[in-house]
Amino acid sequence: MTAELAANGKPFVHHHGAHCETAVTSALFRYQGMDISEPMIFGIGSGIFFGHLPFLKMTNLPITAFRAKPGAVFRKAAKRMGVDFVVKTYRDPPKGMDELRQVLKSGQIVGLATNLYWLPYMSERHRWNFSGHNIIVLREIEGGFRVSDPTIGAPVDCTADGLEQARFVPGPLNPRGHMYYIKSIRPNPDLRQACINGMKDSCNAMLRIPLPLFGVRGIRFLARKVVKSPDKLGFQEACRQLAGTVRWVEETGTGGAGFRYMYAAFFHEAAELFGSNELADLSKEMTAIGDNWREFSVTAARIIKQRDKEGETFAKAGGLMLKCADREEAFFRKLQKVARKLKA
Amino acid sequence: MVSDIRARIEEAREAVLAGKKSPLYYHMARRQMTPAILARAAGIASFRVKRHLRPEIFSRLKTSVLDRYANALAVTREELKTLPNS
């Protein structure tokens, strides 16, 4: 936690966040004077999701998303809180940089979607080609920008060239200079209604998308694929794919267990807000589901490292995943009923 | 995962040293790109990019084309033509 001055001399407190997008969104809210936690943003913005995209490849591995697509969490959360906000993308890099400078001059802090690989301050180990990383720009400095990156302990300097490079990267999920900021907030937002809307939206995303790649059906799809993969791809390649999946579960967004723990934290807070025991139970259930995902990751890691060839098989990993799918389906069906009963 | 990327880059280096690929191939791998992504970044058709991965064709490229690659990969033109040492 470090205090830092933004463009108009207003203090900005840097927090180390659990997940980049929710951390950035909550920091933007906090800067405007509304104290709201990361899990709350995650829940209201319907951050939880599942999607397996075999046709979109990143470093030769299919994408498995455990959260809503980059940018959606901010937009949904801001809308549901009745906030006046701006979201913009650009075709032309210089124009995008110019507008960023202008907005900074007007005393706003700005959230940006960037590519992890091209951010110049990233260490070599963390650099990989992922275009959904969110940061906040605080103010312009000579030859660059002062940047608050929630995955790093303190604000850092970033060169203008590097930032431009990171904001405009061709390839899958091109951020196209995605930039967002809050103009003004409503002083007393209807938190309860926002929570209910967020829950309902998450239920729809997990249960009602009529494609087998998304939501609960997506988990089952991936589980079946994992079970079949050693026969289909050979052991080596199957391990590589599985390692990629595990990384999506545990590492990306630093959510842990595919953001399930963070969603549980949201229900914990919501239970207090509504004074509802049912939500508290749901929170416990979600934590248990998170544990289940973690179990899957451990099993998968043991397969890849070939620790126990008899006990740890692809079938077991797939089975664990199917169990996750069943539990999540039950969870969201129950949530649907509970959310309907809640009063704003 | 990181080791996977490293291995890929190392493979690329060996292919270039063996004369099978042009240095462009190495620099592309180092930036974790594919020919399609590099093509978009440099503004060059992807079939041309793939062609330029062959050393004999890469060595005859004009400076204007090299500059576009250098820009997209954030290296200088001289670096683009050679392999770094490490």
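Bear in mind that the values in this text are calculations on the coordinates, not laboratory data. This is a predicted model, so every value here is computed, not measured. Cβ coordinates were reconstructed from backbone atoms using ideal geometry, including for glycine residues, and neighbour counts include every protein chain displayed.
Some points to look at:
- Taking the Cα centre of chain A as reference, the dipole from Cβ charges on Lys and Arg (+1) and Asp and Glu (-1) amounts to some 1180 debye.
- Mean Cα-pair separation over length for chain B, i.e. relative contact order, pairs under 8 Å, 6 or more apart, %: 30
- Here the dipole of the range A:191-341 is about 480 debye; that uses its Cα centre as origin and unit charges on the Cβ of Lys and Arg (positive) and Asp and Glu (negative).
- Cross-link table A:LYS88/A:LYS343; A:LYS79/A:LYS284; A:LYS228/B:LYS50; B:LYS21/B:LYS62; A:LYS88/A:LYS183; A:LYS76/A:LYS323, entries beyond 24 Å C-alpha to C-alpha: A:LYS88/A:LYS343; A:LYS79/A:LYS284; A:LYS228/B:LYS50; A:LYS76/A:LYS323
- Loop-located chymotrypsin sites (Phe, Trp or Tyr not before Pro) in chain B (DSSP state not H, G, I, E or B) with no more than 16 neighbouring Cβ atoms inside 10 Å do not occur.
- For chain A, built as a Gaussian network whose Cα springs stay under 10 Å, the top-fluctuating residue of A:GLY43, A:GLY234, A:GLY144: A:GLY234
- For the range A:261-344, trypsin sites (Lys or Arg not before Pro) are listed when DSSP marks them as loop and at most 12 other Cβ atoms sit within 10 Å of their Cβ; the list is A:LYS305, A:ARG307, A:LYS309, A:LYS343.
- Computed [θ] at 222 nm, helices only, for the protein assembly as shown once each DSSP H run of length n ≥ 4 contributes -39500 (n - 2.57): -17000 deg cm²/dmol
- Volume per residue that the Cα convex hull of the range A:193-344 spans, once the total is divided by residue count, Å³: 102
- Taking B:SER64, B:SER22, B:SER46 in turn, the Gaussian network model of chain B (Cα-Cα springs below 10 Å) assigns the largest fluctuation to B:SER64.
- 3J(HN,Hα) from dihedral phi, the range A:271-285, Karplus parametrisation 6.51/-1.76/1.60, rounded to Hz, x for glycine, proline: 4, 5, 4, 8, x, 10, 6, 4, 5, 4, 4, 4, 4, 5, 4
- Per-residue ³J(HN,Hα) for the range A:108-115, Karplus 6.51 cos²θ - 1.76 cosθ + 1.60, θ = phi - 60°, Hz, x for Gly and Pro: 9, 9, 10, x, 10, 9, 9, 9
- Ignoring the sites themselves, chain A has its longest run without GluC sites (Glu not before Pro) in a DSSP loop having at most 10 other Cβ atoms within 10 Å at A:143-309.
- Overall size of the range A:189-266 from C-alpha positions, given as principal axis extents largest first: 54, 29, 13 Å.
- Evaluated at q = 0.16, 0.18, 0.27 Å⁻¹, a Debye calculation over the C-alpha positions of the range B:2-81 (equal weights, vacuum) places log10 I(q)/I(0) at -0.52, -0.67, -1.46.
- When you filter the trypsin sites (Lys or Arg not before Pro) in the range A:5-113 for DSSP loop state and at most 16 other Cβ atoms inside 10 Å of their Cβ, you are left with A:ARG91.
- Rg in Å to one decimal, and Dmax rounded to a whole Å, for the protein assembly as shown via C-alpha atoms: 23.0, 73
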